[in-house]
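Here the structure is laid out as structure tokens; the discussion comes afterwards.
Values in this text are rule-based calculations from the coordinates and carry no lab data. All figures in this text were calculated on a predicted structure; none of them were measured in a lab. FYI the Cβ positions are ideal-geometry reconstructions off the backbone, even for glycines, and counts take in every protein chain you see.
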């Protein structure tokens with residue numbers, strides 16, 4: 001009986017270890033079906049994050065599977081993303097956009113080059129020697145399209161950086177999706193600064209390799225400054 005009991009405990013421990021990690025995706029714009037307007041990502045089944053910021057997948061993390069449609073959004077309006085499941089790890093939420101070149105469409109453009117500009121970067125708060133972010137445990141998040149954004153088709157990139165293991169190089173986990181949108185009623189703004197993915201981040205950036213539990217009182221997010229439009 002003792003041996004059987006020990007085996008049962010061992011099997012139970014293995015079962016717990018085998019449970020899927022609490023990762024997440026951003027599969028849909030608010031009010032739409034999964035992967036309707038969002039390009040299907042590599043992690044659509046595993047929910048696993050990406051750690052290599054030098055990979056082409058840091059751009060949109062796409063699988064090349066199911067194709068997406070393009071949704072019209074008004075400049076100055078808010079666009080929401082669903083998280084599935086909720087955002088589980090601490091870290092910043094950021095949003096980028098990239099304008100589709102003339103003669104191309106959001107449905108086929110790959111987003112290569114210095115074309116991305118940041119429109120939102122979540123600020124951290126500090127308490128008791130730890131950094132935290134308000135996006136933790138959220139099931140949906142949103143961003144406002146700057147009012148002076150020129151009309152046209154864009155890729156809208158959502159990025160959440162999980163920093164719970166980021167004290168090690170390549171320990172940060174990136175959860176990324178790209179939606180296809182068409183901005184209407186836009187303005188005459190000049191978005192920038194423009195960056196590329198990969199290229200905008202280095203594994204050693206202070207916002208990527210960081211110990212958020214070490215008594216830090218501030219946080220510098222990776223990437224360019226926010227264009228407010």
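Numbers below:
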| read-out | value |
| --- | --- |
| Percent antiparallel among DSSP beta bridges (both partners in the chain, rounded to 5) | 90 |
| For 60, 178, order by how many other beta-carbon atoms lie within 10 Å, fewest first | 60, 178 |
| Exposure proxy ranking, count of Cβ atoms within 10 Å, fewest first, for 23, 160 | 23, 160 |
| Spacing of the two label points (7 Å from each Cα toward its C-beta) at residue 66 and residue 105, in nm | 1.9 |
| Length-normalised contact order for the chain - Cα pairs under 8 Å, 6+ apart - percent | 26 |
| Burial ordering of 118, 209, fewest other beta-carbon atoms within 10 Å first | 209, 118 |
| The chain: calculated mean residue ellipticity at 222 nm from DSSP helix runs of at least 4, using -39500 (n - 2.57) | -2500 deg cm²/dmol |
| Simple spin-label estimate for residue 165 and residue 126 in nanometres, 7 Å along Cα-Cβ | 2.7 |
| Rounded D (µm²/s) - the chain, Kirkwood Rh over Cα pairs, Stokes-Einstein at 20 °C, 1.002 mPa s | 116 |
